[in-house]
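The next block holds one structure in the form of structure tokens; read it before the comments.
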Amino acid sequence: MLRPGSLPASLLAFVLSSHLASAFYLPGITPTNYKIGDLMPLTVNHLTPSQSARDAQIRSVFSFDYYHHAFHFCQPEGGAKDVSESLGSIIFGDRIKTSPFQLQMGVNVTGCQAVCDEVEFEPRDAKFVNRRITQGFNMNWLIDGLPAAQRYLDPNTNTEFYQPGFALGNMVDEKPQLNNHYNIVIDYHQVRKDQYRVVGILVEPASLGQSKRTGTGDDFTATCGTDAPMVLEEKLTTHVTWTYSVYWRPSATSFATRWDKYLHVYDPKIHWFSLVNSAVIVFFLIGMVSTILIRTLKKDIKRYNRLDQLGLDDLSGGNEEDGVVEDSGWKLVHGDVFRAPRHSLALAVLVGNGAQLFMMAGCTIAFAVVGFLSPSNRGSLATVMILLYTFLGSIGGYTSSRVYKNFNGTKWKQLFILTPAALPALVFGVFFLLNLFIWARGSSGAVPFTTMLVILGMWFVITVPLSILGSWLGFKQAQLPPPVRTNQIPRQIPPSTGYLRPLPSMLLVGILPFGAIFVELYFIMSSLWSNRIYYMFGFLFLSYGLLIVTSAAVTILMIYFLLCAENYHWQWRAFASSGASAGYVFAYSLLYWARMLSFSSFTGGLLYLSYSALLSFLWFVMSGTIGFFACWLFVHRIYASLKID
């Protein structure tokens, strides 16, 4: 993380942190060694939308179970069985199940091998599948923890990489063609004699309309006809035979680096340019804040202290050459600056939850940077975030209690209840309603009811008691005395003008923190909505540090100007101004929708807007907390330097 202390130190941090942006991670799972002929299970996951073949846009937000009745994929004998998954994996829609594919280490299956008997697609099912092909849906398989992928070439760097998932079908001359044959290419690495490990999986799908199964009983051989593609008729019943072939090839890739081809950085120069640009903004802001603190404030403080020693209490009658009235209006509100704000309970609850979100995000990024959140552990990122938020409830309770006590609050019972309940209840309520829309569409992305009960149980059993404990500890501690006394009668506040009005100040303050992270935000949104693997946590770590420093510095500047204008209502203004970057995040999500997404249903757009608004609100709470505490320290610092009787 960048240190705001000095320019050389920040540059040194950039140099030393540059290796964090590379693909460093721990393997995450224990390697499995196979011998020639050992059975290797192939598991299947849900079908997910990707960029459409028509216009390279994502046209759906819904995923579907692999064994959805309309797809007619072959099932293993006795039916498909669920594979155990983590909590985060389930929430993000993974539905991993067993499959009938029989793969053996090192044993090639040439030609065509039938997976099961011939299946029939009724017109209704054919229409459903053709629509999924038009929307660019991908199939997702897993072998030894690695996703089956397709090979791509980066045109910018001319490097080869693997993209998880492979096409359900293709659009040829505006007509959908179903891929019913799969060439499975598996890379293996020899560890020692007769010991092998899987290090790569490619699937090359093909549409073969003349494929027929031959043989009887368990002899599932087939003939692959290449004369015509497989086209599902939407007015007649279509017969389809699912076939596959397997090819094994040796590879020099080790198990520890087998994810490198999957974790591809798209144009890393953009990342570095963005970070350098953001760093320049941060250095500029730090220079401005330092100028205020070192030059302006020191002069003001010395002047005030000198006037107080001379007994000149009426500062408004001072010598105009000293510039007291013009330059140092912040001292005039010393008797009101620590007055409790309106709706102090709500502000304390938001700040407490913001501190909890801030710690959760920071710890998650730190774990990811050092490699503990490997992509081998599916859903580990979401699982760690949920667990951290659950066990950091004491941080939220303690923070809200301490802030509320400094506001001289009296509604302690409401604080103890609202801190662990208000924000989680809002998030869970919105999530539950949106989950009903997903369930109504028959999508596998709907979170099971039992999983929701587990989340509720974790919140009620762990988060609520920890939050109440933290609030009780904060309540028991003595209140920190303010540096100056608060007057009994509030001072009249002059009307704000120009950029000091609430909305203009929020727009000005919010744009700079957003500028520190907007490039990384694109890759995060692509990971959420395009089903890509996000792993560039080194860049995210640096961007998070820039976000903290930028939010703190620019909010301090705004509050300093606000105090100079004799407006002492800084608490809510600091929180709202620093959190205003969330408005730009939401605006960026709308721009991302216009450029990258094209939903074909009202429900898809509603889900996207609702989730974007929810995430933007959580961003508002977290970033607002950063600005609030930065200004809290700033205000206490400058008024503690004054000598006032």
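The values are calculated or read from the model by the stated rules, or taken from the named source; none is laboratory data. Computed from a prediction, not measured in an experiment: that's the story for all the values here. Positions of Cβ are backbone-derived with ideal geometry, glycine not excepted, and every protein chain shown enters the neighbour counts. Heads up: the accessible areas ignore ligands, DNA and RNA and are worked out on the full protein's heavy atoms, side chains in. Shrake-Rupley method; radii C 1.70, N 1.55, O 1.52, S 1.80 Å.
Okay, here's what the table says:
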quantity: Gyration tensor verdict on the stretch 102-208 (Cα atoms; rounded if a/c is under 1.5, prolate if a/b is larger than b/c, oblate otherwise); calculated: oblate
quantity: Lysines whose Cα lies under 22 Å from that of K299, excluding same-chain neighbours fewer than 8 positions away; calculated: K331, K643
quantity: 0 to 90° range, to nearest 10: angle between helix 581-596 axis and the chain longest Cα axis; calculated: 30 degrees
quantity: Order by protection proxy (mean Cβ within 10 Å, highest first), peptides 75-83, 599-607, 43-51, 523-531; calculated: 43-51, 523-531, 599-607, 75-83
quantity: Relative packing of 347-355, 508-516, which averages over residues the other C-beta atoms within 10 Å, highest first; calculated: 347-355, 508-516
quantity: Estimated vicinal HN-Hα couplings, Hz - the stretch 270-284 in sequence order (Karplus 6.51, -1.76, 1.60; Gly, Pro = x); calculated: 5, 4, 5, 4, 5, 5, 5, 4, 5, 5, 4, 4, 4, 4, 5
quantity: Under-5 Å amide H pairs with G165, H placed in peptide plane, nonlocal only; calculated: W141, A148, A149, Q150
quantity: Proximal charge balance of F71 [Cβ under 14 Å; K/R count +1, D/E count -1]; calculated: +2
quantity: Cross-link partners of K193 among lysines (Cα-Cα below 22 Å; sequence separation of 8 or more within a chain); calculated: K35
quantity: Heavy atoms of E204: accessible area, 1.4 Å probe, square angstrom to 10; calculated: 80 Å²
quantity: Separation of alpha-carbon centers, the stretch 546-591 and the stretch 369-390, rounded to whole Å; calculated: 30 Å
quantity: Over 26 Å [Cα-Cα, the stretch 34-153], rounded percent; calculated: 28 percent
quantity: For the chain, Cys with no neighbouring Cys Cβ under 4.7 Å; calculated: C363, C564, C631
quantity: Inter-part distance where the stretch 227-267 and the stretch 169-197 are each reduced to a Cα centre, Å; calculated: 3 Å
quantity: Fraction of accessible area attributable to carbon and sulfur, the chain (%, probe 1.4 Å); calculated: 62 percent
quantity: V199 long-range amide H proximity, modeled H, under 5 Å; calculated: D187, Y188, H189
quantity: Per-residue ³J(HN,Hα) for the stretch 147-155, Karplus 6.51 cos²θ - 1.76 cosθ + 1.60, θ = phi - 60°, Hz, x for Gly and Pro; calculated: x, 5, 9, 10, 8, 9, 10, 6, x
quantity: Cβ-defined net charge surrounding S251, 15 Å radius [Lys, Arg +1; Asp, Glu -1]; calculated: +1
